[in-house]
Amino acid sequence: MIKLIIFDLDGTLVKHNGHLDGQEIVLNNVKKFFETYIKKEDKVIIMTARTDNFSAKTEKFLKDNNIRYDHIIYNLPYGERI
C-alpha cells in the first residue's frame, strides 16, 4: 500500500535553523530511515516555516543529500507541529 508521509524539516530532518548559520546538516539516522522505510511509490511531503526565499538552497541541499520528497510547503507559521 502506498503511504503519504509528512515531515517537518527543521529539527526533524535537518539541524534546526542550520540554513541561517551556514551549518545545514542532516540529522543522525535520517538518511538510513529514508533508505530503509520509505519506498519509491510512497509520497513524501515536507513542511517548513522557512520562507520560499530559501527554496532553491533547501531543495539543492535535500537533493545533494538524497533526501527525496514529492512536495515542500514553505511559509508555514512557526510553532509546534501536531
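Skipping prolines and chain starts, which residues have an amide H placed within reach, meaning under 5 Å, of the one on Val44, given they are 5 or more residues away or on another chain? Result for Val44 returns Ile5, Asp70, His71. Applying the Karplus relation 6.51 cos²θ - 1.76 cosθ + 1.60 with θ = phi - 60° to the stretch 70-82 yields 3J(HN,Hα) values of 9, 7, 10, 9, 9, 6, 7, x, 5, x, 5, 9, 10 Hz, where x marks Gly and Pro.
Taking Asp52, Asp8 and ordering them by how much accessible surface each has at a 1.4 Å probe, largest first, produces Asp52, Asp8. Within a straight-line Cα-Cα reach of under 16 Å, Lys39 can be paired with the following aspartates and glutamates, leaving aside sequence neighbours fewer than 8 residues apart in one chain: Asp70. Taking every DSSP beta bridge that has both ends in the chain, the antiparallel portion is near 10%. Computed over neighbours whose Cβ is under 14 Å from that of Glu35, the net charge equals +4, Lys and Arg +1, Asp and Glu -1. Computed from backbone phi with θ = phi - 60° and the Karplus coefficients 6.51, -1.76 and 1.60, the 3J(HN,Hα) list for the stretch 46-61 is 10, 10, 7, 7, 4, 6, 5, 4, 9, 4, 4, 5, 5, 5, 5, 4 Hz; x is used for glycine and proline. Normalising the average separation of contacting C-alpha pairs (under 8 angstrom, six or more residues apart) by the number of residues puts the relative contact order of the chain at 33 percent.
Under 5 Å between amide hydrogens, built in the peptide plane, is the criterion, and for Asp8 it picks out Met47 among residues at least 5 positions away or on other chains. Summarising the amide proton neighbourhood of Val14: residues at separation of 5 or more, or on other chains, whose placed amide H is nearer than 5 Å comprise Leu27. Across the chain, Cα-Cα pairs more than 16 Å apart make up 50 percent of the total.
The values are calculated or read from the model by the stated rules, or taken from the named source; none is laboratory data. Predicted model, so just to flag it, every value in this text is computed and none were measured. When we count neighbours, we look across all protein chains shown, and the Cβ atoms used for this are built from the backbone with ideal geometry, even at glycine. Heavy atoms of the whole protein, side chains included, go into the accessibility calculation; ligands, DNA and RNA do not. Shrake-Rupley method; radii C 1.70, N 1.55, O 1.52, S 1.80 Å.
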